[in-house]
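**Student:** Handing you a structure now.
Rule-based calculations on the coordinates, nothing more; no lab input. Just so we're clear, the structure is a prediction, and the values are computed from it rather than from any experiment. Note that each Cβ is placed from the backbone with ideal geometry, even for glycine, and that neighbours are counted across all protein chains shown.
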Amino acid sequence: MALPWIAASFKPKIIFLVRHPAAVAASHFKLGWHNVSLENRMPADLWSRKSQYSVNADFWTQHGHFQAETLQIALEALANYPDHRLVTYEDLCANPIGLFQDLYDWAGLPWTESVVRKIHEKSSSAKSKPKDIENAFETNRRSSEMISSWHRELSEEQIDHVRDSYLAHNVMLYPPQDWS
C-alpha cells in the first residue's frame with residue numbers, strides 16, 4: 001500500500017512481483033500468520049467500504065479480500081508509472097534464468113556467471129523436497145515445483161473462499177481460469 005508514495009517520492013525503477021492469491025494465503029497460514037485479523041493491516045476506510053470484510057469471516061475469505069484490495073492499489077499506482085515491470089511469481093518460477101536476465105538488462109545491472117550460478121542455486125535446490133518444504137523460511141527451492149504448490153497445501157473449500165472473495169473485486173490478475 002506504500003507503492004504510490006514510494007513511486008511519487010523516489011521515482012525508482014520498480015519490479016512489482018505478484019503471486020497467486022491462494023499461494024500467498026497458504027504461505028501466510030504456513031508461517032503461522034493466521035490468527036491476526038487483516039482488518040488491522042488496512043486503512044479503515046478501505047476495510048469498512050466492503051460489508052463482506054466482516055471480522056467474523058474466516059481467514060481465507062479475509063485474505064482474498066485483502067489481497068484483491070492491496071493489489072488493486074498497487075496496480076492503480078503503476079498504471080501511469082512508466083518505469084516498472086510487473087512480474088508474476090509463476091513466470092519467474094517457470095523461467096528463473098531467462099526472466100532474471102531480462103530484468104537485469106532492463107535495470108542496467110551486469111549479468112555475470114556468478115549471478116547465473118546464484119539464481120540456479122536458489123531455484124533448483126537439491127535441498128528442497130518435492131512434496132513440501134518443512135522450513136517455511138528456507139529460500140532455496142525447486143522453483144518449478146513452487147508454481148502450483150498451493151494446490152497441494154489447501155483444501156478445495158479454502159481455495160474456494162480465497163477465490164470467491166478475491167474475484168469479487170474484478171482485479172485484472174488471476175482471473176477464474178487461474179484457480180484450477
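**Student:** So between Tyr89 and Phe16, what do we pick up on full extension, going 0.36 nm a residue minus the alpha carbon distance? All intermediate terms of the calculation are to be shown ahead of the outcome.
**Tutor:** Working: separation 73, 0.36 × 73 = 26.28 nm, distance 0.99 nm.
So the extension gain works out to 25.3 nm.
**Student:** Computed FRET efficiency, Cβ-Cβ of Glu76 and Glu113, R0 41 Å: what is it to the nearest 0.05?
**Tutor:** On the way: r = 39 Å, r/R0 = 0.96.
It comes to 0.55.
**Student:** Hey, got the dipole for the stretch 73-128? About the Cα centre, +1 on K and R Cβ, -1 on D and E Cβ, debye to the nearest 20?
**Tutor:** Working: 5 positive and 8 negative charges, 65 e Å.
My answer is approximately 320 debye.
**Student:** Give the cross-link partners of Lys30 among the aspartates and glutamates, using a straight C-alpha distance below 15 Å as the criterion and excluding same-chain residues fewer than 8 apart.
**Tutor:** List returned: Asp132, Glu134, Glu138, Glu153.
**Student:** Same structure again: For Ser124, enumerate residues with amide H under 5 Å from its amide H, sequence gap 5+ or separate chain, H modeled in the peptide plane.
**Tutor:** Result for Ser124 returns Arg141, Ser143.
**Student:** Under 15 Å from a point placed 7 Å out from the Cα of Thr139 along the Cα-to-Cβ direction: which residues of the stretch 78-116 have their backbone N that close?
**Tutor:** Backbone N within reach: 115-116.
**Student:** Explain nothing, just compute: Karplus ³J(HN,Hα) = 6.51 cos²θ - 1.76 cosθ + 1.60, θ = phi - 60°, for every residue of the stretch 21-33 in order, whole Hz, x for Gly and Pro.
**Tutor:** Couplings: x, 5, 5, 5, 4, 4, 5, 4, 5, 4, 7, x, 8 Hz.
**Student:** Right, something else. Can you compute 3J(HN,Hα) from phi for each residue in the stretch 140-152, using the Karplus curve 6.51 cos²θ - 1.76 cosθ + 1.60 with θ = phi - 60°, rounded to whole Hz and x for Gly and Pro?
**Tutor:** 8, 9, 8, 4, 4, 7, 8, 3, 10, 4, 4, 4, 7
**Student:** Next up: Enumerate the amide H contacts of Arg85 below 5 Å, restricted to partners 5 or more residues apart or on another chain; note that Pro and chain-start residues carry no placed amide H.
**Tutor:** So Arg85 has HN proximity to Ile14, Ile15, Phe16.
**Student:** Under 10 Å from the Cβ of Asp83, count the other residues' Cβ atoms, weight Lys and Arg +1, Asp and Glu -1, and hand me the total.
**Tutor:** Working: positive: Lys11, Lys13, Arg85; negative: none.
Overall, the nearby charge balance is +3.
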